[in-house]
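In what follows, a single structure is set out as structure tokens and then discussed.
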Amino acid sequence: MSGPSRQYEKLPGRTSHVVGVARLWAHADHLLATTNYFGIENYQRYYFRDIQTLLIRRTKARMWWNVGFGSCAALGALVGGGFWFASTRVEDPSGKATLIGFAVLFGIGAAFCLICMLVNSARGATCALVAQTAAGAQSLPGTSRVRAARRTLARIAPRILEAQTSAPGPQAPA
């Protein structure tokens, strides 16, 4: 005896944090939001028939990450430049090598922050995918970029429409 199929389809996007990962999965009649933080897994189901609205709300997370990465890059370049400039004033070879080593170290850190800033910018605008249900608006984990959220909406919108149009309405008394 075989039960109903429990095949889940992985939806586009994934939200990675320092402490965990969040994803969205689609089943025949619901969305499954999974979060895994420090090995503790949480699951939340959103039935397609209960979803009243799905919307993409843009956030400023990309801007703030870029401000942080840019500030670290500028500070690293400034400190590295200071060490480099100080090395030109020193005559002792071991002291000069130490200062140049610190200048290179801070320069590598600044370059890393600059690369992180460029990658963050290239990944696109950040957003929150919000599902409005009778229980209220809830942010769905797993989609933090607009491109992934749009692909997710394109894949689940037909399922939501199908679930809501095929759902039996209230029956009139006979």
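The values are calculated or read from the model by the stated rules, or taken from the named source; none is laboratory data. The structure displayed is predicted, hence computed values, not measured ones. Reconstructed Cβ throughout: ideal geometry from the backbone, glycine too, with neighbour counts over all protein chains shown. What goes into the accessible areas is simple: the full protein's heavy atoms, side chains included, and nothing from ligands, DNA or RNA. Shrake-Rupley method; radii C 1.70, N 1.55, O 1.52, S 1.80 Å.
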**Message:** Given a Förster distance of 22 Å, report the FRET efficiency between R151 and N66 from their Cβ-Cβ distance, rounded to the nearest 0.05.
**Reply:** 0.40
**Item:** S94 - accessible surface, heavy atoms, 1.4 Å probe, Å² rounded to 10
**Value:** 70 Å²
**Message:** Filter the chain for me: DSSP H helices, axial length by Cα at least 18 angstrom, mean Kyte-Doolittle hydropathy not below 0.0. List them by residue number.
**Reply:** 61-88, 93-122
**Message:** Can you compute the FRET efficiency between S16 and L105 using 1/(1 + (r/R0)^6), with r the Cβ-Cβ distance and R0 = 22 Å? Round to the nearest 0.05.
**Reply:** 0.20
**Where the chain is the region considered: accessible area per residue in Å², 1.4 Å probe** = 65 Å²
**Fill in**
What one gets for the chain as the Kirkwood radius, inverse of mean 1/r over different Cα pairs in Å, is 19.9 Å
**Exposure rank, largest accessible area first [I51, I115, I56; 1.4 Å]** = I115, I56, I51
**Request:** Keeping all protein chains in position, work out how much accessible area V18 exposes to a 1.4 Å probe, and write it in Å² to the nearest 10.
**Result:** 150 Å²
**Request:** Compute the length gained on full extension between W84 and A137: take 0.36 nm times their separation in residues and subtract their Cα-Cα distance, giving the result in nm to one decimal.
**Result:** 13.7 nm
**Request:** Could you please put H27, H17 in sequence from largest to smallest accessible area, using a 1.4 Å probe?
**Result:** H17, H27
**Item:** Extension gain (nm, one decimal) between N36 and T98, 0.36 nm per residue minus Cα-Cα
**Value:** 17.9 nm
**Fill in**
Quick calc: nm separation of the 7 Å Cα→Cβ label points for S166 and T59 -> 3.4 nm
**Complete:** In this structure, the FRET efficiency calculated for L118 and Y43 from their beta-carbon separation, with R0 = 41 Å, to the nearest 0.05, is 0.70
